[in-house]
Amino acid sequence: MINHLNFKSLAFYGVVIASVLILFKTVTTYGENHLHATSPINSRYSLTLSKNFPNCKQTNKLILNILQSGIYLNASLSPLITNADTEQQLNLTGILKNQNLDLSGKIDIANFCQDPAFQTKVIQPIAIQISQINLDNIPGQIKLNQNSTTLEFTAIPQTDQKAKPKSNSY
């Protein structure tokens, strides 16, 4: 066993261990200084349109529900008053980049209008752009691709209205 513990072997293992430690310290320092997680955003926003939906006398109040996983987003846009038993399908996907939110997907345009004429199901492509997501009143726009309609809106973050269950502590 003494024959295997010569100076060259000990020097080699010492250099390898020191190199790994230096590499680990370098990567850790770089990560702490340059890599930061995306800040979480509010999950519910009330949207106030600047003008009514075309050919609609009374526009619905809309809620934008967002689920976030890092910079990737899934969302649904639904009227404020919905059937509580039906769960909204997350039909919009997007990305959060530099506090700008871009969502796209397809949506039923009946969500926009309370008029009975709009209650037939018409699915259209939609794109939502929101800038400066960290403000209290967030400007944005909705683009409906089929008729090239652009609607400006203001999004207001909503507080969670469902009571969070209390944890049992023993």
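Tabulated results
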| read-out | value |
| --- | --- |
| Flagged links, alpha-carbon separation over 25 Å, of K61/K143; K97/K121; K57/K121; K51/K97 | K97/K121; K51/K97 |
| In sequence order, calculated HN-Hα J values of the range 10-27 (Karplus, 6.51, -1.76, 1.60; Hz; x Gly/Pro) | 5, 5, 4, 5, x, 5, 5, 5, 5, 5, 5, 5, 5, 4, 4, 5, 5, 5 |
| Sequence of L64, L80 from largest to smallest accessible area, 1.4 Å probe | L80, L64 |
| Stretch gain in nm, segment Q158-I22, where the contour uses 0.36 nm per residue and the Cα spacing is subtracted | 44.2 nm |
| Under 5 Å, built H, 5+ apart or other chain: amide partners of F53 | T59 |
| Gain on full stretching of the segment that runs from I123 to F12 - 0.36 nm per residue minus C-alpha separation | 33.2 nm |
| Förster radius 45 Å - calculated FRET efficiency between N98 and K57 (Cβ-Cβ, nearest 0.05) | 0.70 |
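The values are calculated or read from the model by the stated rules, or taken from the named source; none is laboratory data. Predicted model, so just to flag it, every value in this text is computed and none were measured. Ideal geometry is used to build each Cβ from the backbone, glycine not excepted, and the neighbour counts take in all protein chains shown. The protein model used for the area step is the full one, side chains on, heavy atoms only, and it has no ligands, DNA or RNA in it. Shrake-Rupley method; radii C 1.70, N 1.55, O 1.52, S 1.80 Å.
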